[in-house]
Ligand SMILES: Cc1ncc(COP(=O)(O)O)c(C=O)c1O
């Protein structure tokens, strides 16, 4: 039964997280710190591989490995058959996009201004070859994507709407369900990049109305690097033909014909890292045990505290937009490159991120930003850690 994240509950979770003793981590949006139990799940499987043989260990641990799919489906309110497990967000997103098939001249893709640069690069390569266009949907006065502006752009040539739910360059949360309503009403394919969202807020794919949703294990979920999730709505699956297949996603029948799997795993490679899957399963279980409502409430609270305090430092500008905010806090220090701020803080044992234009080009260009410093919190973040960060940032200005 989920329990609220009181100070005592957070302390108990920190006591089971080795990393917090070694680093002041404000780069949870880059990759978070795993629990001891998640590390142990991976270690245990590597040991099984070393002692029984990797293939044999994989067979013996099949149930545990498959747990990640079941738990991911629970996290998203989906069915296990609607989940493929990948090595990151980009393989999930790119795999689903490539499976959409041929694009024609004049086809249109509409994206929110905050679309992840890797997804844009993937779309551009295809669009340029085919003569299709990629257009940014205007934002409202808060900076969030505007569902009415989207509606006004639609015609029969729009084949895809793509949204990055929580942008990489700041605290804004886009109205994913409102965009989903428009996409559903018009029967247009709708992809969501939830790389920053899964593990930060409750997600119900049936309520959001997306056809495809992608995420990663290493960020808010505190799973291992090299893990990712791909949700494909069951009724949408027949529209996806993978760009390539293997003996798992499309085994050959007795006539030598490939038979595509009838679940989302048709987009999953046969080769996998079982130890990472075991770690991911543990991390997913932990997030579900804590409860996504509890996680959301705690992150919102702690990020808001950080924003308010940062904004009070002379020479610091907090850059977050949107009415609803995530655990990503973006800011700049007057006269200092964000990468230099990141380096200086790192030398003092405080990790933050810094982003340039390439990660979120439409949004950075629209706002005239070259770089942003990014301090991202987790439910593990304490007020003492915030005080340390603020102290180091003040030190940059003196
Ligand atoms: C919104 C968003 N999408 C996609 C990615 C890329 O994820 P991956 O490196 O797993 O492909 C990131 C990484 O930070 C991100 O913030």
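Where a number appears in this text, it was derived from the coordinates with a stated rule and is not lab data. These numbers come from a predicted model, not from an experiment. Neighbour counts run over all protein chains shown; Cβ positions are idealised from the backbone, glycine included.
Under 10 Å, Cα contacts only: if you run a Gaussian network model on the chain, which one of 82, 11, 156 comes out with the highest mean-square fluctuation?
156
To two decimal places, what compactness ratio does the range 174-279 give when its Cα radius of gyration is scaled by 2.2 N^0.38 Å?
1.22
Could you calculate the contour length gain from residue 181 to residue 324, that is, 0.36 nm times the residue separation minus the distance between their Cα atoms, to one decimal place in nm?
49.6 nm
Can you give the calculated 222 nm mean residue ellipticity of the chain, where each DSSP H run of n ≥ 4 adds -39,500 (n - 2.57) and the sum is split over every residue, rounded to the nearest 500 deg cm²/dmol?
For the chain, the value works out to -12500 deg cm²/dmol.
Classify the chain as rounded, prolate or oblate, taking a ≥ b ≥ c as the square roots of the eigenvalues of its Cα gyration tensor: rounded when a/c is under 1.5, otherwise prolate if a/b is larger than b/c and oblate if not.
It comes out oblate by the Cα gyration axes.
If r is the Cβ-Cβ distance from residue 308 to residue 77 and R0 is 30 Å, what FRET efficiency results, to the nearest 0.05?
Plugging the Cβ-Cβ distance into 1/(1 + (r/R0)^6) gives 0.35.
Explain nothing, just the number: relative contact order of the range 42-289, from Cα pairs under 8 Å at least 6 residues apart, as a whole percent.
Computed value for the range 42-289: 27 percent relative contact order.
First check a/c for the range 231-295, with a ≥ b ≥ c the square roots of the eigenvalues of its C-alpha gyration tensor; if it is under 1.5, answer rounded, and if not, answer prolate when a/b is larger than b/c or oblate otherwise.
oblate
If you find the alpha carbon centre of the range 59-86 and of the range 374-398, how far apart are they in angstrom?
Computed from Cα coordinates, the inter-centre distance equals 36 Å.
For 333, 232, which order do you get if you count the other beta carbons within 10 Å of each Cβ and list the fewest first?
If I rank by nearby Cβ atoms, fewest first, I get 333, 232.
Going by how many other Cβ atoms sit within 10 Å of their own, how do 28, 45 line up, fewest first? Write out the running numbers ahead of the final one.
Values: 28 27, 45 24.
Fewest to most other Cβ atoms nearby, the residues stand as 45, 28.
How do 360, 308 line up, fewest other C-beta atoms within 10 Å first?
308, 360
What is the distance in Å between the Cα centroid of the range 191-214 and that of the range 22-49?
Distance between centres, Cα-based: 24 Å.
Which residue, 40, 337, 271, tops the fluctuation ranking in a GNM of the chain built on C-alpha contacts under 10 Å?
Taking springs between Cα atoms under 10 Å, the residue moving most is 271.
Assign one of three labels to the range 130-186, namely rounded, prolate or oblate, based on the Cα gyration tensor with a ≥ b ≥ c the square roots of its eigenvalues; rounded applies when a/c is under 1.5, prolate when it is not and a/b is larger than b/c, and oblate otherwise. Could you put the intermediate results ahead of the total?
Details: a/c = 1.91, a/b = 1.47, b/c = 1.30.
Prolate, since a/c reaches 1.5 and a/b exceeds b/c.
Taking the Cα-to-Cβ direction at residue 247 and at residue 343 and moving 7 Å from each Cα, how far apart do the two end points lie in nm?
It is 4.9 nm.
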